[in-house]
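To keep things clear, I will list the structure first and then write my remarks on it.
Read-outs: derived from the displayed coordinates by stated rules, not from any lab. Source: prediction; values computed, not measured. Note that each Cβ is placed from the backbone with ideal geometry, even for glycine, and that neighbours are counted across all protein chains shown.
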Amino acid sequence: MRPGGGRTLEDAQLTIAVDDPAFAPWIIDNDPTTGEGFEGAVAHAVATTLGYDSGSTTFVRVPFSDALASGPKDFDFAINQFSIIGPRRDFVDFSSPYYAVAQAVVALEGTAAASAENLEDLEDLQIGAYADSTSLYSATHSIKPTRAPIGFATHGEALNALALGEIDAVVADLPTAVRMAEEQLGGGIVVGKFPAPNEVTEFFGLVLEKDSEFTECASLALEHLHNDGVLEELADEWLVGSDVIPVLR
């Protein structure tokens, strides 16, 4: 697992991929080199655990969908809220999980969506989410809306549609939902989170090239960080506590 073991893209160098832009609270100020933000901190913790310091760690930018596509990768692992889903395993490797994900609903204060107390209250509303994401899948299978949820190319487009009244609510992972409501959306509120466990309960993992020799190294590092309580500490530092958001049943 140590640098120079021949399992990385470049000998004795670790190459980590993130999206561009990468958003808080996952990566602060779109700068993964600082180790600030939950995923920035996790990436640095994995690198340090495996013996790579800042001088032997490089960050590159790879779009979300490209990282999940089949074929050779120009990185050792990518970190970008990738949910570990069975069909994706046909094209890439996943590490052990580093975060258990809760999906949540964002709406504008004073609207029907904002007053929802359960999933049934959302069924007749128009929901939006990030296209090709597990948030979109979760909106469909947890809420079971009468109208198909709309997928947007970016979270920003979804929020714009919400502000314009084109949709009634946005579904996103809980930390992103909190950021949307508190920082990006005037009069926004996190209505609640989906119950867990359920059929769309999910976990984030690092993405690696299919059958990568580095998958075992990444997983062992994350398991070590989990056992030492580091992952929990980082989540407490950078992500909102899930217990403060009501559950929509």
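Over the chain, Cα pairs under 8 Å with separation of 6+ residues give a relative contact order of 26 percent. Excluding same-chain neighbours fewer than eight residues apart, the lysines reachable from LYS73 by a Cα-Cα span under 28 Å are LYS210.
Look at the alpha carbon pairs under 8 Å that are at least 6 residues apart: their mean separation over the length of segment 113-226 gives a relative contact order of 23 percent.
Histogrammed with a bin width of 5 Å, the alpha carbon distances of the chain distribute as 1, 7, 14, 18, 19, 15, 11, 8, 5, 2, 1, 0 percent, first bin at zero. In straight-distance terms, cross-link reach from LYS144 covers every one of the aspartates and glutamates whose alpha-carbon lies under 20 Å from its own, apart from those fewer than eight places away in the same chain; here that gives GLU117, GLU120, ASP121, GLU123, ASP124, ASP132, GLU166, ASP168, ASP173, GLU199, GLU202. Our note on the geometry: Cα centres of segment 82-102 and segment 160-175, 25 Å apart. Based on C-alpha pairs under 8 angstrom that are at least 6 apart in sequence, segment 50-178 has a relative contact order of 25 percent.
Between amide H atoms placed 1.01 Å from N, distances below 5 Å from GLY192 occur with VAL105, all of them 5 or more places distant or on a separate chain.
DSSP finds beta bridges in segment 1-137, and of those with both partners inside it, around 10 percent are antiparallel.
Screening the chain for whole DSSP H helices of 27 Å or more along their axis (Cα) with average Kyte-Doolittle hydropathy at least -1.0 returns none. Here's how it looks for VAL62: its modeled amide H is under 5 Å from those of VAL18, ASP19, ASP20, which are all 5 or more places away or on a different chain.
The sum of -39500 (n - 2.57) across all DSSP H runs of n ≥ 4, divided by the residue count of the chain, sets its helix-only mean residue ellipticity at 222 nm to -6500 deg cm²/dmol. In a simple Cβ point-charge model (Lys, Arg +1; Asp, Glu -1; nothing else charged), segment 117-234 has a dipole of about 360 debye relative to its Cα centre. GNM remark for the chain: springs join alpha carbons under 10 Å apart, and the peak mean-square fluctuation among ASN80, ASN30, ASN227 falls on ASN227.
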